[in-house]
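Q: Before I ask anything, here is the structure I am working with.
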Amino acid sequence: MRKDVRILLVGEPKVGKTSLIMSLVSEEFPDEVPLRAEEITIPADVTPERVPTHIVDYSEAEQSDEQLYQEISKANVICIVYSVNNKKSIEKVTSHWIPLINDRTDKDSRVPLILVGNKSDLVEHSSMETILPIMNQYQDIETCVECSAKNLKNISELFYYAQKAVLHPTGPLYCPEEKELKPSCIKALTRIFKVSDLDNDGVLNDTELNFFQKTCFNTPLAPQALEDVKNVVRRNMTDGVKDNGLTLKGFLFLHTLFIQRGRHETTWTVLRRFGYDDDLELTQEYLFPLLKVPGDCTTELNHNAYLFLQSVFDKHDKDRDCALSPDEVKDLFKVFPYMPWGPDVNNTVCTNDQGWITYQGYLSQWTLTTYLDVQRSLEYLGYLGYSIIYEQESQAAAITVTRNKRIDLQKKQTQRSVFRCNVLGARGSGKSGFLQAFLGRNLQRQRRIREDHKSLYAISTTYVYGQEKYLLLHEVMPDFDFLSEADLACDVVCLVYDINSPRSFEYCAKVYKQYFIDSKTPCVVIAAKSDLHEVRQHYSLSPHEFCRKHKLHPPQPFTCNMTETPNKDIYTRLTTMAMYPHARLRCMCACNRCTYCLCQNLLKLELLRNIKAQLRRVVFNRHMAQADLKNSTFWLRASVGATVFAVLGFAMYRALLKQR
């Protein structure tokens, strides 16, 4: 809604423009009327719409044409005043004033007009018969008001209608010639209906209608009022009510009825609550609320956001197969002005055997979007109505900004749930296969992926010590000289080489030495295509020697050329290393440096300690009685041993003195 309203009064001399303004302010007819009233500002707290209102007078005697044109360009609404007892002033409305105003305003953003018939106290008849054809001819005319500055008749109503014409314009909503809603209004109200239809059954039941009413007007409807509304729809159309709920057609009919009865502020209240501006476009403030993300911090969805997204998934998964078919995906995104997901999404997240996005894949894609482009995620949540359904100030409430990564490293613990792994390697080394294997696709399934549907990302969940975490793999294009900060900023690095290609490892070695040798980011070397014959790499050191020299754990063999689903152990290890980059101590496994094995063995050691402690307690209990019987013998032996130890110590001391 606008922050203020500027009303301009124009018309022929002596029609009573200034008198109308002065009667409004002083609440009495002035004895002496100046040629022109000064600009008046009415405070927000005394106006019905709670918006400051500026009222501007025009006087042909005091102002030039140029000043008039400037005022027209600044006005939000223009009142064309005529005298009901002066036919010439009525004729001037169409012959002079409306053409003049139209010439000075944009065709696409015409200012609303109000016809004001003043001096109604001087005649007994109405001018409406003359004015109605004019109103039908010009769409910019919002309404016509007959009033009297002398009798104070309809003065307040005049300026209320002027305010209303600005704050709740009819033009964007309704076409009076066709007597129906405009397409843009239907589109906006359709989205509002779908967002409010929480179970996606095509009707608004009583619970959903009450929630809608409370959301928009802060008060629920009484049961009888609900029935009255539905009865009005039933009487006027056959398919407006279904299963005792309001259909989309019935919902649109109600708003048409509101506008036809002059209650278009009701429709505007609904539209603005759901984020629309005067042009029936979602506002930037609604779609992109302010969210500050400091450097070295990441963005994740919080628990409430995942619950909301789960409800959206359930709402559209009509066949309850825990996957979204192409039709179900289209239905989900009908509240969007465009299709946000392309075919590459199906190769970024987990899908079922039919290639449909699973529930886990659906949440993974939302997690990926929030991590990579939080503004886009806010926009998407805005289209789905997150802040309205969850009654939040904005969808920024759905986002968690993680703490600085440096603090995580200092405290040697993290609260993050999403970890990024950048995958680097020469062309043809097997990076894409490594990403797709994370999504459970072997080489046979990967070959069915179209080239233009491939994705540089893959995201899914892994479990680290019983905690569900997201691992985001990003395939970095192998342009050694142009690796950006984004290509290097991650939690763990995968250096992939093809064991069957002799020059494949050289790229990994150069990238490591150039960018990661002094980095605190953990690195893992992946020996891809391990099902093929291993050839000698054309590099000064073999991959094993290189890893030993730089204190990396040995190359991890990997292949996705198998009939079954690829093994995911390596991805769990990567997530573990991303979570615990500080854990670089020796471990008990053969690799001598593996963070994953270190953490696993720490758990085993803890278990062994518990077992040993229990055994010690058992042994202690068994020998308690025997210990009491042998007390005297024990102390005798102890004293003899101490004496012998002291003698030997003195002898050694003397021998050392002699050597010196």
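Q: Those residues that are part of a loop (DSSP other than H, G, I, E, B) and under 23 Å from the mean Cα position of the chain (by Cα), I need them from region 254-277; list them, please.
A: F274, G275, D277
Q: Shifting gears a bit: Assess whether K153 counts as being in contact (Cβ under 8 Å) with a residue 12 or more places away in the chain and open to solvent by 70 Å² or more (accessible area, probe 1.4 Å). Walk me through how you get there before you give the answer.
A: Values: in contact (Cβ under 8 Å) with a residue 12 or more places away in the chain: yes; open to solvent by 70 Å² or more (accessible area, probe 1.4 Å): yes.
It is true that K153 is in contact (Cβ under 8 Å) with a residue 12 or more places away in the chain and open to solvent by 70 Å² or more (accessible area, probe 1.4 Å).
Q: Restricting region 430-472 to residues that are part of a helix (DSSP H, G or I) and closer than 26 Å to S417 by Cβ, which is most open to solvent (accessible area, probe 1.4 Å)? Full working, then the answer.
A: As a first pass, look at region 430-472 and keep what is part of a helix (DSSP H, G or I): 431-438, 443-446, 451-453.
Now narrow it down to the ones that are closer than 26 Å to S417 by Cβ: 431-432, 434-438.
Details: K431: 12, S432: 52, F434: 1, L435: 2, Q436: 14, A437: 0, F438: 0 Å².
The residue in question is S432.
Q: Could you run through region 490-518 and say how many residues are in contact (Cβ under 8 Å) with a residue 24 or more places away in the chain and either of a type in the set (S, T, N, Q) or part of a loop (DSSP other than H, G, I, E, B) (or both)?
A: The number of residues fulfilling the criteria is 10.
Q: Within region 565-583, is even one residue modelled with pLDDT of 90 or more and touching a Lys or Arg at 6+ places or on another chain (Cβ under 6 Å)?
A: Checking region 565-583: at least one residue is modelled with pLDDT of 90 or more and touching a Lys or Arg at 6+ places or on another chain (Cβ under 6 Å).
Q: Give the residue, chosen from V81, V51, V56, that is among the hydrophobic types (A, V, I, L, M, F, W, C), in the same structural domain as E12 (by the TED database), in a loop (DSSP other than H, G, I, E, B) and open to solvent by less than 20 Å² (accessible area, probe 1.4 Å).
A: So the residue among V81, V51, V56 that is among the hydrophobic types (A, V, I, L, M, F, W, C), in the same structural domain as E12 (by the TED database), in a loop (DSSP other than H, G, I, E, B) and open to solvent by less than 20 Å² (accessible area, probe 1.4 Å) is V51.
Q: Tally time: how many residues in region 335-350 are of a type in the set (S, T, Y) and either more than 27 Å from G433 (Cβ to Cβ) or in contact with a Gly (Cβ under 6 Å, 6 or more places away or on another chain) (or both)?
A: Residues flagged as of a type in the set (S, T, Y) and either more than 27 Å from G433 (Cβ to Cβ) or in contact with a Gly (Cβ under 6 Å, 6 or more places away or on another chain) (or both) within region 335-350 amount to 1.
Q: Right, here's the next one. Any idea which of V229, V166 is open to solvent by less than 30 Å² (accessible area, probe 1.4 Å) and modelled with pLDDT under 95?
A: Answer to the selection: V166.
Q: Residue check: is Y386 over 30 Å from P581 (Cα atoms), open to solvent by less than 30 Å² (accessible area, probe 1.4 Å) and among the hydroxyl-bearing types (S, T, Y)?
A: Criteria met by Y386.
Q: Quick check on this structure: which one of I131, I141, I98 is under 42 Å from the mean Cα position of the chain (by Cα), β-branched (V, I, T) and open to solvent by less than 90 Å² (accessible area, probe 1.4 Å)? Talk me through it step by step, then tell me what you get.
A: Working: I131 fails: under 42 Å from the mean Cα position of the chain (by Cα); I98 fails: under 42 Å from the mean Cα position of the chain (by Cα).
Exactly one of I131, I141, I98 is under 42 Å from the mean Cα position of the chain (by Cα), β-branched (V, I, T) and open to solvent by less than 90 Å² (accessible area, probe 1.4 Å), namely I141.
Q: Another question, then. In region 544-571, which residue that is farther than 28 Å from K513 by Cβ and among the hydroxyl-bearing types (S, T, Y) is least open to solvent (accessible area, probe 1.4 Å)?
A: Among them, the one singled out is T565.
Q: Output the qualifying pairs, or none if there are none: Cβ atoms under 9 angstrom, residues six or more apart or on different chains, first residue in region 546-567 and closer than 17 Å to K520 by Cα and charged (D, E, K, R), second residue surrounded by 15 or more Cβ atoms within 10 Å (Cβ to Cβ) and modelled with pLDDT under 95.
A: K551/R593
Q: Check L439, L443, L424, L435 and return the single one that is of a type in the set (A, V, I, L, M), assigned by the TED database to the domain that holds Y497 and free of Cβ contacts under 8 Å to residues at least 60 places away in the same chain.
A: Just a single option satisfies the conditions, and that option is L435.
Q: Give me the pairs: first residue in region 519-537 and closer than 18 Å to G428 by Cβ, second residue of a type in the set (D, E, K, R), beta-carbon distance under 6 Å, and six or more apart or on different chains, which are they?
A: A528/D498; K529/D498
Q: Can you report the number of residues in region 237-258 which are farther than 16 Å from T207 by Cβ and open to solvent by 100 Å² or more (accessible area, probe 1.4 Å)?
A: The total comes to 2.
Q: Follow-up. Scanning for something part of a helix (DSSP H, G or I) and small (G, A, S), does region 171-183 turn up at least one residue? Please lay out each step first, then the result.
A: Step one: of region 171-183, the residues part of a helix (DSSP H, G or I) are 183.
Then keep just the ones that are small (G, A, S); that gives none.
No, region 171-183 contains no residue that is part of a helix (DSSP H, G or I) and small (G, A, S).
Q: I'd like the full set of residues that are modelled with pLDDT of 90 or more and open to solvent by 10 Å² or more (accessible area, probe 1.4 Å), limited to region 473-489.
A: H474, E475
The values are calculated or read from the model by the stated rules, or taken from the named source; none is laboratory data. Everything quoted here is computed from the prediction, not taken from an experiment. Backbone-built Cβ (ideal geometry, glycine too); neighbour counts: all protein chains shown. Quick note on the areas: whole protein, heavy atoms, side chains included, nothing else; ligands and nucleic acids left out. Shrake-Rupley method; radii C 1.70, N 1.55, O 1.52, S 1.80 Å.
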